[in-house]
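What follows is one structure encoded as structure tokens, with my remarks underneath.
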């Protein structure tokens, strides 16, 4: 893994952490598509790695299943966690400074953008 990949993974974790802290999303909505589109992970590998980040106590059984099939990258999950921890702190601080109506709009926009990307812009 080169420095550029490590930086990309930490930035994905940071973005997921910021949005997780702001609007309560991160793993499935940010990390999975980011790993697929920016790091060329398969959908299964992205899902397994995202679950590994949130391993205890939420996803342990899911992680075990993905890990057994070879779809978990523990190094990437660890780096994502570094960015996610910092990002969730920063995102929650920022979110708490905003009116609820703005946070709802940010949440809706993130979900819409991700959905449109997944529906219409398939990577070839």
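Annotations for the structure displayed:
- Any chance residue 115 is under 21 Å from residue 22 (Cβ atoms) and out of contact with any helix residue (DSSP H, G or I) (no Cβ under 6 Å at 6 or more places or on another chain): yes
- Of the residues making up the range 75-100, those that are over 14 Å from the mean Cα position of the chain (by Cα) and in a helix (DSSP H, G or I) are 75, 89, 90, 92, 93, 94, 95, 96, 100.
- Evaluation of residue 121 against (1) surrounded by 12 or more Cβ atoms within 10 Å (Cβ to Cβ); (2) over 18 Å from the mean Cα position of the chain (by Cα) (one fails), failing number: (1)
- Yes/no for residue 76 being touching a helix residue (DSSP H, G or I) at 6+ places or on another chain (Cβ under 7 Å), within 19 Å of residue 28 (Cβ to Cβ) and at pLDDT below 90: no
- The one condition in (1) part of a helix (DSSP H, G or I); (2) touching a helix residue (DSSP H, G or I) at 6+ places or on another chain (Cβ under 7 Å); (3) buried (at least 17 other Cβ atoms within 10 Å of the Cβ) that residue 45 fails to fulfil: (2)
The values are calculated or read from the model by the stated rules, or taken from the named source; none is laboratory data. Everything numeric here is computed off the predicted structure, so don't read it as measured data. Cβ coordinates were reconstructed from backbone atoms using ideal geometry, including for glycine residues, and neighbour counts include every protein chain displayed.
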